[in-house]
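Readers should treat all values here as calculations from the given coordinates under stated rules, not as data from a laboratory. What you see is a predicted model, and the numbers here were worked out from it, not measured in a lab. Neighbour counts are summed over all protein chains in view; Cβ atoms, including those assigned to glycine, are modelled from backbone coordinates with ideal geometry.
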Amino acid sequence: GAVVSQHPSRVICKSGTSVKIECRSLDFQATTMFWYRQFPKQSLMLMATSNEGSKATYEQGVEKDKFLINHASLTLSTLTVTSAHPEDSSFYICSARGDRSSGEQFFGPGTRLTVL
Amino acid sequence: GDSVTQMEGPVTLSEEAFLTINCTYTATGYPSLFWYVQYPGEGLQLLLKATKADDKGSNKGFEATYRKETTSFHLEKGSVQVSDSAVYFCALSVSGGSNYKLTFGKGTLLTVNP
């Protein structure tokens, strides 16, 4: 099956610093990647959708200047949390969809971000 | 807007028990419906799906039927195993866009004891 990886799996940073999370599709080309945020005991909330080579589309209420998304290639998307604050602490999950997946999204294992 | 409501967990069952996890939805269009499963330490995996009314999705002994009249997509399994312990997410996607955005329920933690 299609495999999506995320790196790092866990990161702890100081308030005010920036953190980059990578999402890679390992065995297929991802024309579309999605970034989600998940709070404890809550559902996944879509943050943004990115298509390779174009600007990401952010969901309402998501600060695009704070959560920078880059989808520079068909196998890699990055999420950078800029000037992180404790309220940004969360579980971030990416997913990827290829042209042949009939809409199915393949999910990464997630990244736990803790901002001190 | 679109939303998914699934039964609150956690659900704890003994091995070979019958499982039902309820899921209802509201959608602005005609949605496709999904159940995803997340095993400990892993990413979400598609368990089954249904794309139109009365379709039944099935996989690994799990089943769910798309009921348009009750806007439901309940997940069932006749005999659960310890290996089924995971978090289960009901989700929908409204067609009309090429990006296939998913709307998720909150997830239900299932623990199966031997």
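Please order A:Ser15, A:Ser95, A:Ser89, B:Ser32 by the number of other Cβ within 10 Å, starting at the fewest.
Ranking A:Ser15, A:Ser95, A:Ser89, B:Ser32 by Cβ neighbours within 10 Å, fewest first, gives A:Ser15, A:Ser89, B:Ser32, A:Ser95.
Would you mind ranking A:His71, B:His74, A:His7, A:His85 by Cβ crowding within 10 Å, fewest neighbours first?
Fewest-to-most Cβ neighbours within 10 Å comes out as A:His85, A:His7, B:His74, A:His71.
Please report, largest first and rounded to whole Å, the three semi-axes of the ellipsoid equivalent to the protein assembly as shown, where each semi-axis is the square root of five times an eigenvalue of the C-alpha gyration tensor.
In descending order, the three semi-axes are 30, 21, 16 Å.
Within 10 Å of each Cβ of B:104-110, how many other protein chain Cβ atoms are there on average?
3
To the nearest 20 debye, what is the magnitude of the charge dipole of chain B about its Cα centre, counting +1 on the Cβ of each Lys and Arg and -1 on the Cβ of each Asp and Glu?
340 debye
For chain B, calculate the relative contact order in percent as a whole number, restricting contacts to Cα pairs under 8 Å that are 6 or more residues apart.
36 percent
Pull up the DSSP beta bridges for chain B and report the antiparallel fraction as a percent, rounded to 5.
Of all bridge pairs located within chain B, approximately 90 percent are antiparallel.
What fraction, in whole percent, of alpha-carbon pairs in chain A exceed 18 Å separation?
Pairs farther apart than 18 Å: 45 percent.
Sorting B:Phe34, B:Phe104 on the 10 Å Cβ count, fewest up front, what's the list?
B:Phe104, B:Phe34
HN-Hα J couplings of the range A:42-49 from phi, Karplus 6.51/-1.76/1.60, θ = phi - 60°, integer Hz, Gly and Pro as x?
For the range A:42-49, the Karplus-derived couplings read 10, 7, 6, 10, 5, 9, 6, 10 Hz, x marking Gly and Pro.
Might you report the magnitude of the Cβ-based charge dipole of the protein assembly as shown about its Cα centre, with Lys and Arg at +1 and Asp and Glu at -1, to the nearest 20 debye?
420 debye
Along the charge dipole of chain A, pointing to its positive end and built from +1/-1 on Cβ of Lys, Arg, Asp and Glu, which listed residue (A:Val19, A:Gln60, A:Thr31) has its Cα farthest out?
A:Val19
Using 0.36 nm times the number of residues separating B:Thr70 and B:Ser58, minus their current alpha carbon distance, what extension gain do you get?
Full-extension gain reported as 2.4 nm.
For peptide A:40-47, compute the average count of partner chain beta-carbon atoms within 10 Å of each residue's beta-carbon.
5
Report, to two decimal places, the Cα Rg of the range A:54-116 normalised by 2.2 N^0.38 Å (N = number of residues).
Against the compact-globule rule of thumb, the ratio is 1.24.
Over the Cα atoms of chain B, what is the Rg over Rh ratio if Rh follows Kirkwood?
That ratio equals 0.97.
What does the structure give for B:37-45 when I average, per residue, the other chain Cβ atoms found within 10 Å of the residue Cβ?
What the average comes to for B:37-45 is 4.
Greater than 23 Å separation of Cα atoms is the criterion. Which listed pairs, A:Lys14/B:Lys106; B:Lys49/B:Lys106; A:Lys14/A:Lys66; A:Lys55/B:Lys52; B:Lys52/B:Lys77, meet it?
Beyond 23 Å: A:Lys14/B:Lys106; A:Lys55/B:Lys52.
Give the Cα extents of the range B:63-114 along the principal axes, in whole Å, largest first.
That gives 45, 24, 16 Å along the principal axes, largest extent first.
Report the relative contact order of the range B:10-55, percent, no decimals, based on alpha-carbon pairs under 8 angstrom and at least 6 residues apart.
28 percent
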